[in-house]
Amino acid sequence: MPRFFILLPALLLGACAYHSSRSSIVVVTDAKGVVETCAALGEIDGQESLQSIMTLDKTRDSVITRLKIAAAEMGGTHVLASVADIKWKGPDSKGTVYKCNP
């Protein structure tokens with residue numbers, strides 16, 4: 001039983017998502033006009049199993065972070081997702097990744 005308490009912090013830290021320099025430049029938006037001239041790369045989902053036990057603000061931040069990381073891995077610059085709306089109440093955490101040229 002004591003081993004479990006030692007491993008618990010490591011398990012909790014492993015569940016966190018962190019930005020990299022590539023993902024920090026990805027824009028998450030709910031405005032279609034922002035991405036209308038961009039090339040769609042694919043669909044992604046920012047869902048995680050811990051979402052049901054987290055507060056809504058933390059859940060929204062986590063979903064946005066996971067969307068940004070996934071978009072950066074696909075080479076995208078923007079994500080069109082409903083979670084970008086400050087009034088987002090869930091449960092939709094999906095988005096479309098776009099590559100926009102400057």
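Please treat every number below as a calculation from the coordinates, not as lab data. These numbers were taken from a predicted model, which means no experiment stands behind them. Positions of Cβ are backbone-derived with ideal geometry, glycine not excepted, and every protein chain shown enters the neighbour counts.
Sorting 92-101, 24-33, 65-74, 38-47 by average packing, meaning the other beta carbons within 10 Å per residue, from highest down gives 65-74, 92-101, 38-47, 24-33. Between Asp45 and Met74, the contour length at 0.36 nm per residue exceeds the Cα-Cα span by 9.2 nm.
Computed from the C-beta positions of Lys89 and Thr37, the FRET efficiency with R₀ = 22 Å rounds to 0.15.
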